[in-house]
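A.B. asks: The structure under discussion is supplied below as structure tokens; questions concerning it will follow.
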Amino acid sequence: MIAVDLPGFGETPPLTGEVSIATLTDSVADFIRDQGLDGVSTVGQSMGGRIVLELARRGVGGDTVALDPGGFWNHRELVVFGATLRPSIALVRALRGMMPALLGNPVGRTLLLAQLSARPWSLSRETVLPDVLGLADSPATGAAMDALTAGPKQQGAPAGTVPGRVTIGWGRRDLVTVPRQAARATELFPDAVLHWFERCGHFPQWDAPCEATRLILDSTD
């Protein structure tokens, strides 16, 4: 199984050259081919969710799980996404040195992570701090945001053309890729099974980690 994440969340190699959803997907597809992993299951969240859906659309990989994937905004939603998330990233970078303390108490977590989590006050600092620091420190974050906001919308895959099962998970309280986008995703990927995470924001791995783990394991070989 291959997990694909947004640059800045987790370990991601530096991005060089043109950065777009297409080139990022090319890199993952090349890795799968070079490592002899044809038919491997792929899992992604947010931008990573979009990338694994694009892999499935191209016929690369096996079973696919996409959690709260990007790429299904309408114009208004895309404007709101860029106008709200970019300042949040800038704030995280400006307060980078204070993040351990700010994320160490419920009030700080609520103020900083309300757009990303349905219950930020209930999360532990150990859960969120590595991801937030990765977002602040990664040189690829800006390019990744540009790829999401300036590039084309996600294309779909006609029924019967994906290489394995496709499962799309969506948080009912997602404020980044809002829940109504799920209908567009399943319309473009008619073979997909949609799973709703109740009381969950943009990061199921934060708000519903056990449920997200079960979904991934049950939906992949």
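The values are calculated or read from the model by the stated rules, or taken from the named source; none is laboratory data. Bear in mind that the values here come from a model prediction, so they are computed numbers and not experimental data. Cβ coordinates were reconstructed from backbone atoms using ideal geometry, including for glycine residues, and neighbour counts include every protein chain displayed. Note: areas computed on protein heavy atoms with side chains; ligands, DNA, RNA excluded. Shrake-Rupley method; radii C 1.70, N 1.55, O 1.52, S 1.80 Å.
A.B. asks: Condition first: under 25 Å from Ala90 (Cα atoms) and either in contact with a Cys (Cβ under 6 Å, 6 or more places away or on another chain) or open to solvent by less than 70 Å² (accessible area, probe 1.4 Å) (or both). Can you find one or more residues in region 150-161 that meet it?
C.D. replies: Looking for residues that are under 25 Å from Ala90 (Cα atoms) and either in contact with a Cys (Cβ under 6 Å, 6 or more places away or on another chain) or open to solvent by less than 70 Å² (accessible area, probe 1.4 Å) (or both), one finds at least one in region 150-161, hence yes.
A.B. asks: Of the residues that sit in region 103-140 and are among the polar types (S, T, N, Q) and farther than 17 Å from Phe203 by Cα, which one is surrounded by the most Cβ atoms within 10 Å (Cβ to Cβ)?
C.D. replies: It comes out as Ser138.
A.B. asks: Which of the residues belonging to region 204-221 are touching a helix residue (DSSP H, G or I) at 6+ places or on another chain (Cβ under 9 Å) and of a type in the set (Asp, Glu)?
C.D. replies: Asp207, Glu211
A.B. asks: Next up: For a quick check of your reading of the model, give me the residue pairs whose first member lies in region 51-71 and is within 14 Å of Ala192 (Cα to Cα), whose second is among the aromatic types (Phe, Trp, Tyr) and open to solvent by less than 10 Å² (accessible area, probe 1.4 Å), with beta-carbon atoms closer than 7 Å and at least 6 apart or on different chains.
C.D. replies: As it stands, the answer is Leu53/Phe189; Asp68/Trp170, since those pairs meet every condition given.
A.B. asks: How about region 51-66: which of its residues are open to solvent by 10 Å² or more (accessible area, probe 1.4 Å) and under 14 Å from the mean Cα position of the chain (by Cα)?
C.D. replies: The answer is Glu54, and nothing else.
A.B. asks: Can you pull out the helices (runs of 4 or more DSSP H) entirely within region 153-221 that have at least 3 residues that are free of Cβ contacts under 8 Å to residues at least 60 places away in the same chain?
C.D. replies: Helices (runs of 4 or more DSSP H) meeting the threshold: 181-188, 209-219.
A.B. asks: In region 53-68, what count of residues is obtained for those that are in a helix (DSSP H, G or I) and out of contact with any Phe, Trp or Tyr (no Cβ under 9 Å at 6 or more places or on another chain)?
C.D. replies: Within region 53-68, residues that are in a helix (DSSP H, G or I) and out of contact with any Phe, Trp or Tyr (no Cβ under 9 Å at 6 or more places or on another chain) number 3.
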